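The values are calculated or read from the model by the stated rules, or taken from the named source; none is laboratory data. Keep in mind the model is a prediction, meaning the values are calculated, not measured. All Cβ positions, even for glycine, are placed from backbone atoms using ideal geometry, and neighbour counts span all protein chains on display.
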Amino acid sequence: MVEETPFEEVGPDSLAHLEATRRCPDCGDSDVIRDPTRGEIICTSCGLVLDTRLLDQGPEWRAFTSQERDKRSRVGSPMTYTVHDKGLSTVIDWRNRDAYGKKLAPHRRAQIYRLRKWQIRTRVHSSIDRNLAYAMSELDRLTSQLGVPRPVKEASAILYRRAIEQRLIRGRSIEAMIASCVYAACRLRHVPRTLDEVALHSRINRKELGRCYRLLLRELEVRIPIASPTDFIPRFSQALGLSSVVQQHAAEIIKAARAKGITAGKDPTGLAAASLYIASIKEGERRTQREIAEISHVTEVTVRNRYKELVRELDLQVEI
């Protein structure tokens, strides 16, 4: 007779251990499965029931459609730093209906109105909360226009919260500090965005943005990795409509230039633009210097100078 596991000892960890280590005493096979409907562990070879009375870790309700599942779920969205209260505050709905969808009585509606008013007031009651509420809305707008992924947005919010804790925001523009946090997060996450792009979409001049960025690095002791020209190649190539072969060739040019020490002290966007210009010519997908300069936000002179330097130092044969 198979010895059953005590009811109180069966949990998520013990279930995983049982399914991974248990062998069937009848056939000796270790291939067992867990049936959540019946609460049993069954051998797939001979069908012997190895364990019963397993706890169901799921909800106590049933749902047959995605809409019904969303309606019956009692959990909210996960915690996020991109909301001023981290998404943990409560919200009183404006529909004036109870949990069953019935309309509220007039006296109850007046009471809920007062509760809703004070609930809104208490959500943003301190100066830090008001600052974060405005800053997070600006963060949403800026990251949306820059098209950066959500991890960069989360990292930007964390940097801004650290700046508030260090009291770096006082006397400075919220827009400038948010823009500098976004630029720092892009550098940390290796998402290619230039300082000029961030300044353009944040409505802050480049000088003020650079000053706030240097302040963050100095006071928060953030270690920013050096920007690599290779990070800009896929983005510029996609905008120019170049193939993956051109991207790979441009990356090889950058790798060879780095081995010779040519990339030291050079603007990474200019090097990426010049390597794409050379690779597009050699692979038969020619793009003009003006087209590449407009996409990479550098001047044609920069593209031309970096192009001549790469051709000369790497001894490349390029047919103009």
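Worth pointing out:
- Options Asp196, Asp140; residue that is modelled with pLDDT under 90 and either surrounded by 12 or more Cβ atoms within 10 Å (Cβ to Cβ) or within 29 Å of Pro268 (Cβ to Cβ) (or both): Asp196
- For segment 50-69, filtering for residues that are surrounded by 10 or more Cβ atoms within 10 Å (Cβ to Cβ) and either free of Cβ contacts under 8 Å to residues at least 24 places away in the same chain or within 36 Å of the chain's Cα centre (by Cα) (or both) leaves 6.
- Residue within segment 134-143 that is under 18 Å from the mean Cα position of the chain (by Cα), among the polar types (S, T, N, Q) and not in a loop (DSSP other than H, G, I, E, B) present: yes
- Residues that are surrounded by fewer than 13 Cβ atoms within 10 Å (Cβ to Cβ) and on the phi < 0 side of the Ramachandran plot do not occur anywhere in segment 267-285.
- Pair list, Cβ < 6 Å and 6+ apart or interchain, from segment 215-229 residues that are under 19 Å from Met177 (Cβ atoms) and at pLDDT below 85 to residues that are loosely packed, with under 15 Cβ neighbours inside 10 Å and not charged (D, E, K, R): none
- In segment 248-261, the count of residues that are modelled with pLDDT of 90 or more, surrounded by fewer than 20 Cβ atoms within 10 Å (Cβ to Cβ) and β-branched (Val, Ile, Thr) is zero.
- Of all residues in segment 85-128 being hydroxyl-bearing (Ser, Thr, Tyr) and in a helix (DSSP H, G or I), the one that is farthest from the chain's Cα centre (by Cα): Tyr113
- Residues that are touching a residue at least 60 places away in the same chain (Cβ under 8 Å) and in a helix (DSSP H, G or I) do occur in segment 242-263, at least one of them.
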